[in-house]
1. Identify, from the list GLY280, GLY295, GLY230, GLY240, the residue that is open to solvent by 60 Å² or more (accessible area, probe 1.4 Å) and assigned to a loop (DSSP other than H, G, I, E, B).
2. State all residues of segment 53-75 that are within 9 Å of the ligand (Cβ to nearest atom) and surrounded by 24 or more Cβ atoms within 10 Å (Cβ to Cβ); if no residue qualifies, say none.
3. Please give the number of the condition ARG149 fails out of (1) open to solvent by 20 Å² or more (accessible area, probe 1.4 Å); (2) not in a helix (DSSP H, G or I).
4. Condition first: open to solvent by 10 Å² or more (accessible area, probe 1.4 Å), under 16 Å from the mean Cα position of the chain (by Cα) and not aliphatic (A, V, I, L, M). Can you find one or more residues in segment 205-220 that meet it?
5. Looking for something under 27 Å from ALA69 (Cα atoms), more than 16 Å from the ligand (Cβ to nearest atom) and without any contact (Cβ under 8 Å) to a residue 60 or more places away in the chain - is there at least one such residue anywhere in segment 126-140?
6. Given the options TYR89, TYR104, name the one that is at positive phi and within 16 Å of the ligand (Cβ to nearest atom).
7. Sort out for me the strands (runs of 3 or more DSSP E) sitting completely within segment 1-116 that have 1 or more residues that are of a type in the set (D, E, K, R).
8. All but one of (1) open to solvent by 50 Å² or more (accessible area, probe 1.4 Å); (2) within 12 Å of the ligand (Cβ to nearest atom); (3) under 16 Å from LEU296 (Cα atoms) hold for GLU194, so report the exception by its number.
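The values are calculated or read from the model by the stated rules, or taken from the named source; none is laboratory data. Just so you know, these numbers come straight off a predicted model, no measurement behind them. No Cβ is skipped: glycine too gets one built from the backbone with ideal geometry, and neighbour counts run over all protein chains shown. Surface accessibility is based on the protein's heavy atoms, side chains included, excluding ligands, DNA and RNA. Shrake-Rupley method; radii C 1.70, N 1.55, O 1.52, S 1.80 Å.
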Amino acid sequence: MIPYGRQDITQTDIDAVVNVLQSDFLTQGPMVPRFEQRVAEHVGAKHALAVNSATSALHIACLALGLGAGDWLWTTPVTFVASANCGLYCGSKVDFVDIDPRTYNLCPQALERKLLQAEQQGRLPKVLVAVHLCGQPCDMQAISALAQRFGFKVIEDASHAIGGKYQSEFIGNGRYSDITIFSFHPVKIITTAEGGMALTNDDALAARMALLRSHGITRDPRLMTHEADGPWYYQQIDLGFNYRMTELQAALGVTQMERLDQFVARRHELARRYDQLLEGLPVTIPWQHPDSYSGLHLYVIRLRLDQIKCSHREVFESLREQGIGVNLHYIPVHTQPYYQQMGFKAGDFPEAECYYSEAISLPMFQTLTESQQDKVISSLKGILL
Ligand SMILES: Cc1ncc(COP(=O)(O)O)c(C=O)c1O
């Protein structure tokens with residue numbers, strides 16, 4: 001089976017992890033800060049906090065921004081559930097904004113309309129999670145202008161987008177948001193097995209997230225309520241978690257970062273080749289906004305169902321039967337049973353639901369070969385034509 005995504009691990013990566021295993025620290029050593037510094041420098045952020053998943057990063061980001069009971073978090077329905085669940089973890093309510101039919105990202109015009117309504121009803125969001133679906137950045141300039149006008153905070157869920165650019169600058173530099181999140185799950189662009197990161201230019205947000213990542217415990221005398229009892233002393237000054245990344249993961253992250261730009265460039269080569277090979281087929285290929293250089297975590301096609309004889313499901317199943325590990329990103333979150341219990345229902349976000357009825361993620365990862373890519377296309381042609 002050709003998977004839709006997979007990690008790219010070299011001997012250098014393996015050696016880096018083995019070196020850590022033979023070193024003094026398996027956790028809480030020098031590698032995590034090194035990895036953080038490496039990513040922060042690369043993308044141009046002041047602070048980077050490595051954690052054990054992007055889900056954890058989203059959670060502490062929301063808490064650091066003060067999200068709590070009675071607040072609203074808004075995001076796109078076309079995302080992994082974690083982008084919305086982080087609001088529920090904090091006891092807030094969650095709502096969605098429909099997608100732009102061209103980029104599949106949260107639509108800034110739909111956002112503005114919903115904000116105007118919410119303003120009248122006194123239910124403006126406190127936090128918006130803008131998800132860069134497939135690696136293509138959202139229209140961050142428009143979103144940031146709305147954030148200033150309506151007074152909400154912005155988290156960029158860039159789980160798909162490390163190495164990508166918005167307006168020629170690396171995603172993660174925080175120009176248009178408060179906090180950016182990356183994921184390092186193996187299907188993503190670089191991996192630490194499990195792992196994530198929260199980046200910000202705000203000293204106070206970084207300090208709060210650092211505290212929350214490790215039990216709410218500090219060893220910094222300036223933060224303590226009274227003088228230390230002795231050199232062993234620490235204080236718990238907040239309710240935090242154990243969301244720490246290990247040294248093994250961070251070592252892998254450091255060596256993976258060496259190849260980040262190469263990985264993204266290869267993904268672009270593959271995407272251009274898909275674009276050409278798919279020409280003339282009854283599918284819509286991913287549209288790229290001229291302001292964006294996508295991280296290209298995913299390559300999603302949409303079937304033109306009015307031009308083909310089989311159903312979306314039949315095309316998907318037939319590709320899987322032929323050894324093509326296609327996938328679907330994502331089932332709109334508001335249609336999940338857990339969210340339907342909150343009152344969401346099919347029909348609430350029509351663009352997202354239309355996307356879901358047509359989308360298929362084709363294999364996209366840096367070690368995908370041209371012959372594998374040809375097999376994907378020939379299978380697709382056999383089904384569609
Ligand atoms: C958009 C998005 N946000 C968040 C996550 C959660 O990432 P992690 O698996 O690192 O917790 C994912 C993972 O697939 C994702 O795709």
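1. On inspection, the qualifying residue turns out to be GLY280.
2. Once the filter is applied, which keeps residues that are within 9 Å of the ligand (Cβ to nearest atom) and surrounded by 24 or more Cβ atoms within 10 Å (Cβ to Cβ), segment 53-75 yields ALA54, SER56, ALA57, LEU58.
3. Just one mismatch for ARG149, condition (2).
4. Looking through segment 205-220, none of the residues is open to solvent by 10 Å² or more (accessible area, probe 1.4 Å), under 16 Å from the mean Cα position of the chain (by Cα) and not aliphatic (A, V, I, L, M).
5. Checking segment 126-140: not a single residue is under 27 Å from ALA69 (Cα atoms), more than 16 Å from the ligand (Cβ to nearest atom) and without any contact (Cβ under 8 Å) to a residue 60 or more places away in the chain.
6. Within the list TYR89, TYR104, the selection yields TYR104.
7. Where strands (runs of 3 or more DSSP E) fall fully within segment 1-116 and carry at least 1 residues being of a type in the set (D, E, K, R), they are 93-96.
8. (3)
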